[in-house]
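This report refers to the structure that appears directly beneath it.
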Amino acid sequence: MCGIFGCQSLQPQNLVEKTLQGLKILEYRGYDSAGIAYNATNQLKIIKAVGGLERLANKTTTPPPTNVCIGHTRWATNGAVSVKNSHPHLSADGSIAVVHNGIIENYQQCVTKLAKHGIKLKTPVDTEVIPNILYLLSHNKHNIHKYLQGQYVFCATEQLQNNLFLAKKGSLPLYIGRDQQTIYISSDTLALPQSVNQIIAMEDLETCEIINQQPTFYHNNHPIRKDWQPFNQSFVASDKNGFTTYMEKEINEIPAITQRIITAYQSDPTIRTLQRQFRTQLKTVNCVHLCACGTSYHAAKIIAHIIERELHLRAIAHISSELNATTLLAEPSLAIVISQSGETADTLAAMDILQQQNIPIIALCNVTTSTIAKRSQIVFPLLCGPEIAVASTKVFCAAVLVGCLLINDYNTISCDNLIKYTTKTLRNARKLLPTPSKIPHQIFIIGKGINYTLALEAALKIKEVTYLHCEGYPANELKHGPLSLVDDNTLAIVFGDDSANASAEIQARGGKVVTLLSPDYQHNPLAFVSQIIPAQIFALDLALSLGNNPDKPRNLAKSVTVL
Ligand code: F6R
């Protein structure tokens, strides 16, 4: 979380606008507040605003051409959401500005050290120690990792210097890209302009100084050589394709993604080879451990169910943060991690535990250049393109489908039926699950087996974007407690046609029940993959009717890179 963007050029240019454009695309990483710093008439000019990027853009009218600009979009971890606490943070003498993502764990120690040099900080934000330590290090700044502990990436610029200084410890992403005129820094390649044709990824314990568009790299304070890699930005991330929200756009992409995945997993030679490798590996283990968070965890739970049902092999889905060193992982076993972003800190921590126990890790990942992908033995791409809306929709369906296709080669009829069913479900979603005319004060979503997991996912989506209390529950379990909450202002959504008793119990207490009938699984064994779509559309419409922005739910960020 938190997005860093910056640029530098030999000739003064509209780098402030370019930075604002980059930050706009990175806004999914945090949208509490934002800020920029650029060199203007020999001094660092800082502009900050609380709220979305528009607020910052409104404060940044007619910026001058400049040779350097850095910017940040924040998801607050320590220090309240305020202009003062937002980035960039300045050194006490005002000569160094820093934008930062991550956590400085020895913050208190740094504060004490700085105090000994007479430097008092103005905010409670850990970032503020960085420009001050850089100031103390002066010409020895490539040694910065010795002084800072934690997981971080940051980008600094100095008054009068027009330089950029970058550092990375741990796994948070930071990329350098270039085109003919400009060099760019970004937390995500997604935000790099289409003109960028070469990139370099910063790695653990590296620093980099960019002077006159020329980067020089150090690893642990020793100079290293790094080569530019070819890069081709093949999409326009900011394009909503005629939809008013990314969430709606992304849900509407599900049929095309379903088709894309089926084609790739049936006929792409590289994917077929990896699939064969995976299946061979599966034959050697007694248990599969799946690890993921949030929506990806729900996909993991469904895939675990399918592995047990189809392969009669034990499969356990773990919430990544609940896996710990004492969790009993049966031997021999294999792990599958699932992640849209590939940067989720809780899942990376689970991977540490799996690796300590020598369990091979397979990733199902949408961002195949991500840290989770890099740390896995085999990576199966989810082929969704960028997912911008904070609430994950298309990637959930993609992960479930890829999981199914790894386990089984479904015949052409089943695959064709899934594509037809997905298109039809999307078209009829609002009829299948209409937005209620009166807003319920709570929503229960219930089902059994896979339908229970779909209920969990539907509930997560609804609570995320509507801020209404919504709970997914196993249908028959309702009577063992939560039924006491049901009243005549309760809405229950029932997945499947096998929860008649629970439905009747809700109705008997005045609750309203809407049932989403299960498709004919005999005829269409993959249909559950897109059965979630009506609930996704329901969440979207309800959020809009409540005046919420479904793309940026309050308090959340897309890529959760903190533990
Ligand atoms: C919910 C949602 C989150 C993510 C979770 C894991 O709509 O998007 O629950 O699923 O933060 O993120 P990834 O999949 O990037 O590891």
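The values are calculated or read from the model by the stated rules, or taken from the named source; none is laboratory data. All values derive from a computational prediction rather than experimental measurement. In this analysis, Cβ positions are derived from the backbone assuming ideal geometry, glycine residues included, and neighbour counts consider all displayed protein chains.
If the requirement is being within 16 Å of the ligand (Cβ to nearest atom), at pLDDT 95 or above and outside the structural domain of Ile176 (by TED's automatic domain parsing), which of these qualifies: Leu274, Leu313, Leu290?
Going through Leu274, Leu313, Leu290 in turn, just one is within 16 Å of the ligand (Cβ to nearest atom), at pLDDT 95 or above and outside the structural domain of Ile176 (by TED's automatic domain parsing): Leu290.
Kindly list, by first and then second residue, each pair from a residue in region 231-244 that is in the same structural domain as Arg178 (by TED's automatic domain parsing) to a residue that is modelled with pLDDT under 85 and surrounded by 11 or more Cβ atoms within 10 Å (Cβ to Cβ), limited to pairs with Cβ atoms under 8 Å and residues at least 6 apart or on different chains.
Listed by first residue and then by second, the contacts come to nothing, as the list is empty.
Tell me yes or no: at least one residue of region 149-156 is within 28 Å of Val560 (Cβ to Cβ), in contact with a strand residue (DSSP E or B) (Cβ under 8 Å, 6 or more places away or on another chain) and surrounded by fewer than 20 Cβ atoms within 10 Å (Cβ to Cβ).
yes
Scan region 286-303 and report the pairs whose first residue is more than 11 Å from Ser320 (Cα to Cα) and free of Cβ contacts under 8 Å to residues at least 60 places away in the same chain and whose second residue is in a helix (DSSP H, G or I) and more than 7 Å from the ligand (Cβ to nearest atom), with Cβ atoms within less than 6 Å and a gap of 6+ or a chain change.
Val288/Ile307
May I ask you to list the residues in region 231-278 that are touching a strand residue (DSSP E or B) at 6+ places or on another chain (Cβ under 6 Å) and within 28 Å of Leu192 (Cα to Cα)?
Residue satisfying the conditions is Phe231 alone.
I'd like to know if region 331-339 contains one or more residues that are in a loop (DSSP other than H, G, I, E, B) and under 24 Å from Thr561 (Cβ atoms).
no
Conditions: (1) of a type outside the set (Asp, Glu); (2) more than 16 Å from the ligand (Cβ to nearest atom); (3) out of contact with any strand residue (DSSP E or B) (no Cβ under 9 Å at 6 or more places or on another chain); (4) in a helix (DSSP H, G or I). Ala543 meets all but one. Number of the miss?
Failed condition: (2).
Under 8 Å between Cβ atoms, at least 6 apart or on separate chains: pull out the pairs that start in region 194-221 with a residue that is over 21 Å from Ser370 (Cα atoms) and end on any residue that is part of a loop (DSSP other than H, G, I, E, B) and among the aliphatic types (A, V, I, L, M).
Cβ pairs passing all conditions: Asn220/Leu205.
Residues in region 341-351: is at least one assigned to a loop (DSSP other than H, G, I, E, B), more than 11 Å from the ligand (Cβ to nearest atom) and not basic (Lys, Arg)?
no
So, in region 353-376, of the ones that are in a helix (DSSP H, G or I) and closer than 29 Å to Ala191 by Cα, which residue ends up farthest from the ligand (Cβ to nearest atom)?
So, considering only residues that are in a helix (DSSP H, G or I) and closer than 29 Å to Ala191 by Cα, the one farthest from the ligand (Cβ to nearest atom) is Lys374.
Among the residues that make up region 18-36, is at least one of them more than 22 Å from Ser559 (Cα to Cα), surrounded by 24 or more Cβ atoms within 10 Å (Cβ to Cβ) and in contact (Cβ under 8 Å) with a residue 24 or more places away in the chain?
Scanning region 18-36 turns up no residue that is more than 22 Å from Ser559 (Cα to Cα), surrounded by 24 or more Cβ atoms within 10 Å (Cβ to Cβ) and in contact (Cβ under 8 Å) with a residue 24 or more places away in the chain.
Do we have Pro436 as more than 25 Å from the chain's Cα centre (by Cα), closer than 30 Å to Ile413 by Cβ and modelled with pLDDT under 95 here?
No.
Residues of region 506-537 being surrounded by 20 or more Cβ atoms within 10 Å (Cβ to Cβ) and either among the aliphatic types (A, V, I, L, M) or within 14 Å of the ligand (Cβ to nearest atom) (or both), which ones?
Once the filter is applied, which keeps residues that are surrounded by 20 or more Cβ atoms within 10 Å (Cβ to Cβ) and either among the aliphatic types (A, V, I, L, M) or within 14 Å of the ligand (Cβ to nearest atom) (or both), region 506-537 yields Ile506, Leu516, Leu526, Val529, Ile532, Ile533, Ala535, Gln536, Ile537.
Glu253: among the acidic types (Asp, Glu) and farther than 18 Å from Leu382 by Cα, yes or no?
no
Looking at region 377-392, which of the residues that are more than 13 Å from the ligand (Cβ to nearest atom) and modelled with pLDDT of 95 or more is surrounded by the fewest Cβ atoms within 10 Å (Cβ to Cβ)?
Ranking the qualifying residues of region 377-392, first place goes to Gln377.
Could we say that Glu322 is at pLDDT 95 or above, of a type in the set (Asp, Glu), within 16 Å of the ligand (Cβ to nearest atom) and farther than 22 Å from Asn417 by Cα here?
Considered against the rule, which asks whether it is at pLDDT 95 or above, of a type in the set (Asp, Glu), within 16 Å of the ligand (Cβ to nearest atom) and farther than 22 Å from Asn417 by Cα, Glu322 comes out as yes.
Run Leu546 past the list (1) touching a residue at least 40 places away in the same chain (Cβ under 8 Å); (2) crowded, with 19+ Cβ neighbours inside 10 Å and report the number of the one that doesn't hold.
All conditions pass for Leu546, except number (2).
Among all residue pairs at least 6 apart or on different chains, which show Cβ distances below 8 Å where the first residue, located in region 118-137, is within 16 Å of Gly79 (Cα to Cα) and the second is among the acidic types (Asp, Glu) and modelled with pLDDT of 95 or more?
So the pair list comes out as Leu121/Glu128; Lys122/Glu128.
Checking Thr466 against (1) within 16 Å of the ligand (Cβ to nearest atom); (2) at pLDDT below 95; (3) of a type outside the set (Phe, Trp, Tyr), which single condition isn't satisfied?
(2)
Here is a yes/no grid of residues against (1) surrounded by fewer than 17 Cβ atoms within 10 Å (Cβ to Cβ); (2) more than 16 Å from the ligand (Cβ to nearest atom); (3) in a loop (DSSP other than H, G, I, E, B); (4) at pLDDT below 95:
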| position | (1), (2), (3), (4) |
| --- | --- |
| Asp239 | yes, yes, yes, yes |
| Ile257 | no, no, no, no |
| Thr263 | yes, yes, no, no |
| Ile303 | no, no, no, no |
